[in-house]
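Report on the structure given below.
The values are calculated or read from the model by the stated rules, or taken from the named source; none is laboratory data. Bear in mind the structure is a predicted one, so any value in this text is a computation, not a measurement. Every residue, glycine as well, gets a Cβ built from its backbone with ideal geometry; the counts of neighbours run over all protein chains shown. When the accessible area is computed, the model is the full protein with side chains, heavy atoms only, and any ligands, DNA or RNA have been set aside. Shrake-Rupley method; radii C 1.70, N 1.55, O 1.52, S 1.80 Å.
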Amino acid sequence: MFPRPTPKRKYCRKHGIEYDGYLCPECREEMGRRESNGLSKKAEKIKSDKKFQELLDGIFNAKRRETVKDETRPHTVPKPSSPKESAEPEVTTPLRAGVEKKDVSEGGSVVSDFKTLSWVIALLFVFGLSICGLGISLFVGSFVPLWLLFGFFLVFSVEKWFSRQTIRYKAVGKLYKLLLNLTVLAVLGLIIWTGVILFSKQFVQSALVGSLIFLGEFVFLIWLRKVVVKNSWRWPSMKLTVVCLVALFCVLAFAGCQPMATYKDSVVEKCTSWLVGGKEVVAEVQQGIEKEVEEARTRLEVVEQERLEEQRAMEATRKDVEVAKVVSDVPVAPTIVDEVVTQVEGLYSTDTSDYADKYNAYRQSKGLQPLLFTDDLNRLARLRLEELRRNFSHTSAGGYNSHLAENIGMSTGSLSNSGALSMWKGSPGHNANMLDRDYRYTGYACGGGYAVQLFTEYPTVNGEPQLPPGWYWDD
């Protein structure tokens with residue numbers, strides 16, 4: 001068997017002693033005395049409630065109490081003038097039964113003294129601390145502290161001494177709640193205004209004083225918020241107040257009342273500028289997109305043009321290869337052209353080696369491909385020199401320039417290669433032959449004051465251009 005544990009003793013905080021059981025000895029004695037006097041806790045509560053109700057009646061019915069006091073004064077019956085009349089003693093007859101003289105007079109004085117004292121304290125409180133706020137405002141150079149202290153002590157006085165009047169009179173209570181809502185909104189706007197000016201360093205001379213005023217506004221707003229929550233059961237609500245203020249502001253602004261109309265115009269102007277700025281940004285973006293699309297289109301056109309040129313070059317190269325293959329298959333036999341060239345080879349001899357370099361350099365400066373000086377066309381050019389000496393014209397007696405383009409030149413004195421090139425550059429028709437992009441082969445000869453240059457698109461055999469298979473001259 002284990003020993004039975006000892007129960008833990010309780011501690012009475014009221015009397016500071018330990019005890020066993022339900023109550024400590026001191027508490028039991030007090031309960032006994034209370035029961036012996038016939039007063040329980042419930043009875044005491046009822047008694048205190050009655051006293052509180054009597055106090056309320058004295059506060060709210062002061063005037064009626066004073067009237068009751070006058071009415072309940074004892075009425076003395078006058079004595080008879082003659083001794084024969086009944087000599088009954090004076091009788092005191094209260095006009096209202098159940099009301100004692102002492103109680104009524106004391107209640108009326110309490111009510112009157114309470115009302116007077118509350119008004120005096122409230123007025124002194126608000127006046128004195130408003131003077132303090134005025135002194136602080138003059139010291140710091142801003143009237144914000146004055147309005148803060150005045151608003152704080154005014155609301156505090158109503159909550160402290162006149163809250164029952166706001167409950168009793170509904171109109172006063174509604175007006176008080178409306179003023180509370182307006183005060184909260186005003187303090188909120190004051191905080192925003194003070195913050196903007198403070199952070200821009202334009203509020204007061206001392207940043208420390210400005211910061212303290214800013215913090216005081218925050219504290220006042222928090223306290224006002226608690227007061228509003230405490231009176232949230234009253235009408236009107238904060239939401240209704242804000243909606244009514246916004247509606248009133250809009251009505252006055254559109255009616256032309258100042259300064260609401262000025263504020264409305266500034267807001268509309270800013271919104272309009274913002275919308276116009278947005279449209280301008282959209283237009284700029286659209287223009288940028290269109291410009292990029294146009295540039296991309298131009299690049300595509302350039303690429304397509306380059307591709308077509310490459311395709312043409314490849315086609316021309318293919319044709320040249322086919323013609324060269326055909327020419328290589330044709331046997332070249334000595335003809336009368338070779339005999340004539342041999343006969344005039346020593347005549348009009350001028351060195352033409354530098355002309356090819358100068359001429360191709362001129363074509364390349366114009367963005368064109370150089371031409372190929374062939375032996376066959378050079379021989380034909382020398383034959384044309386002999387014909388030009390007898391007949392200076394494009395008509396060839398030997399038919400040497402058939403199906404060929406030709407430039408001819410003549411000078412009364414000697415004619416050099418550079419002179420011939422310069423002379424042809426100055427002539428539009430001759431210059432067009434020299435810069436034709438379709439020609440690929442040429443021949444040149446110069447001597448005796450004459451110069452000739454032949455052009456063709458195809459390789460030649462004995463001065464005859466060799467066309468691709470299936471092609472023919474349409475004379």
query: Quick one: what pairs do we get from region 179-199, first residue at pLDDT 90 or above, second hydroxyl-bearing (Ser, Thr, Tyr), C-beta under 6 Å, 6+ apart or different chains?
result: Asn181/Thr241
- request: Report, by residue number, each residue of region 157-169 that is open to solvent by less than 40 Å² (accessible area, probe 1.4 Å) and charged (D, E, K, R).
  value: Glu159
field: Any chance Lys270 is among the basic types (Lys, Arg), under 23 Å from the mean Cα position of the chain (by Cα) and more than 26 Å from Lys160 (Cα to Cα)
entry: yes
statement: Checked region 424-449 for anything open to solvent by 40 Å² or more (accessible area, probe 1.4 Å), within 23 Å of Arg390 (Cα to Cα) and modelled with pLDDT under 90; matches are Gly448
- request: Consider Glu301 carefully, then state whether it is at pLDDT 85 or above, more than 30 Å from Tyr439 (Cα to Cα), open to solvent by 70 Å² or more (accessible area, probe 1.4 Å) and among the acidic types (Asp, Glu).
  value: no
statement: Restricting region 403-415 to residues that are within 18 Å of Met434 (Cα to Cα) and not aliphatic (A, V, I, L, M), the one surrounded by the most Cβ atoms within 10 Å (Cβ to Cβ) turns out to be Asn407
Cross-chain or 6+ apart pairs with Cβ under 9 Å, region 137-149 first and part of a loop (DSSP other than H, G, I, E, B), then hydrophobic (A, V, I, L, M, F, W, C) and open to solvent by less than 100 Å² (accessible area, probe 1.4 Å): Gly141/Val204; Gly141/Val209; Ser142/Phe203; Ser142/Val204; Ser142/Val209; Ser142/Ile213; Phe143/Leu134
- prompt: Within region 170-202, how many residues are within 36 Å of the chain's Cα centre (by Cα) and open to solvent by 50 Å² or more (accessible area, probe 1.4 Å)?
  reply: 11
- request: Go through region 213-236 and give me each residue that's open to solvent by less than 60 Å² (accessible area, probe 1.4 Å) and free of Cβ contacts under 8 Å to residues at least 40 places away in the same chain.
  value: Phe214, Leu221
message: Of everything in region 359-389, what is in a loop (DSSP other than H, G, I, E, B) and either open to solvent by 80 Å² or more (accessible area, probe 1.4 Å) or basic (Lys, Arg) (or both)? Give them in sequence order.
response: Lys366, Gln369
